[in-house]
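Shown next, in structure tokens, is the structure this report addresses.
The values are calculated or read from the model by the stated rules, or taken from the named source; none is laboratory data. Predicted model only: the values in this text are computed from it and were never measured. Every residue, glycine as well, gets a Cβ built from its backbone with ideal geometry; the counts of neighbours run over all protein chains shown.
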Amino acid sequence: MSDHPAAEITVDLVRRLVAEQHPAWAALPVTPVPRSGWDNRTFRLGDELLVRLPSAAGYAGAVAKEQRWLPVLAPHLPLPIPAPVALGAPGQGYPWPWSVYRWLPGRSADEAPPADLTRFAVDLAGFLTALRAAPGPGPEPGQHNWWRGGPVAHYADQTHHALDVLAGDVDVAATTEVWDAAVASTWHGPDGWLHGDVAPGNLLVDAGILSAVIDFGTSGWGDPACDLVIAWTVLDGPSRDAFRAGVDADAGTWARARGWALWKALITLDWERHDAVAVADARRVLRAVLADHGSHA
């Protein structure tokens, strides 16, 4: 299958798909969501619904996964998650399945930073702990979720290549030490659910507090370490300590989480070097990871 849509994903396309496949909603207004995301294009449908359409073939498999598992997970979680209400099929020149969900109020945490970062960290830790214990087993790590939940060593080649390219620009010895510690740590279970992309854009804030968690396209079953990367991308100091205590991460899990954060920062520096904002953020995360490793060495 192609990596790109056969048709541009527009308001008109969404209107035609909805009218064709779900005519009861055909009269509802369709409006783009300003921050639509990379993996999907999102549109609001009336006041209570939203439509999400995968942006490329590699993301289309998440539709069936979310349709199958989100209703199973929701009753076991302390915060709302997306609730599928309808499934769409390929049509009107659009080649993949798509979904209709209930609209969740709130703004993403990068648009509306939480009022109290430590409370945010504690609430998020509680959510991830409940998610890990929710009924399964879910899908094993694989291409469907970019191997989240599996060993971070899956990305060893990318990491070492980035270190070669960035030699002289980053502290290769210190960075390699963090990476080696991550790879040396082995997950012995028990396996559980993981979100796979715990990033500010997928965390909704309402009235200053964490109000919902969205986008389970990279969710799966396995080692939860990848879900802890937010400890260095968003949290720091007391909020990071509160988060680690809340998820009850042992030294090995924390080391593997650092490895996931390190990998992403390095490939961003390698692949996105002309994006000044992305590079600055990756450098900030890399400094935080190295400092945290040094303080716990």
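Quick notes on this one:
- Which listed residue, of Ala64, Ala86, Ala115, Ala130, is over 28 Å from Trp187 (Cβ atoms) and either part of a helix (DSSP H, G or I) or in the same structural domain as Leu203 (by TED's automatic domain parsing) (or both): Ala115
- Test: residue in region 93-106 that is touching a strand residue (DSSP E or B) at 6+ places or on another chain (Cβ under 7 Å) and at positive phi: yes
- Annotation note: Cβ proximity below 7 Å between a residue of region 44-63 that is in contact (Cβ under 8 Å) with a residue 24 or more places away in the chain and a residue that is surrounded by 15 or more Cβ atoms within 10 Å (Cβ to Cβ) and of a type in the set (Asp, Glu) (sequence gap 6+ or interchain) occurs for Pro54/Asp39; Ser55/Asp39; Tyr59/Asp39.
- Test for Leu53: is it part of a loop (DSSP other than H, G, I, E, B), closer than 15 Å to Phe216 by Cα, hydrophobic (A, V, I, L, M, F, W, C) and within 18 Å of the chain's Cα centre (by Cα): no
- Region 260-276, subset under 20 Å from the mean Cα position of the chain (by Cα) and farther than 16 Å from Ala199 by Cα, residue surrounded by the most Cβ atoms within 10 Å (Cβ to Cβ): Leu266
- Check on Asp116, within 27 Å of Pro238 (Cα to Cα) and out of contact with any strand residue (DSSP E or B) (no Cβ under 6 Å at 6 or more places or on another chain): yes
- Selected residue [closer than 26 Å to Asn40 by Cβ, in contact with a helix residue (DSSP H, G or I) (Cβ under 9 Å, 6 or more places away or on another chain), touching a residue at least 40 places away in the same chain (Cβ under 8 Å) and of a type in the set (S, T, N, Q)] from Thr218, Thr253: Thr218
- All of Gly222, Gly246 fail the test of being at pLDDT 95 or above and on the phi > 0 side of the Ramachandran plot, apart from Gly222.
- Top-ranked residue in region 23-39 [being in contact with a Leu (Cβ under 9 Å, 6 or more places away or on another chain) and at pLDDT 95 or above; ranked as nearest to Pro84 (Cα to Cα)]: Trp25
- Within region 221-242, the set of residues being more than 20 Å from Arg148 (Cα to Cα) and in contact (Cβ under 8 Å) with a residue 40 or more places away in the chain comprises Leu235, Asp236, Pro238, Ser239, Arg240, Ala242.
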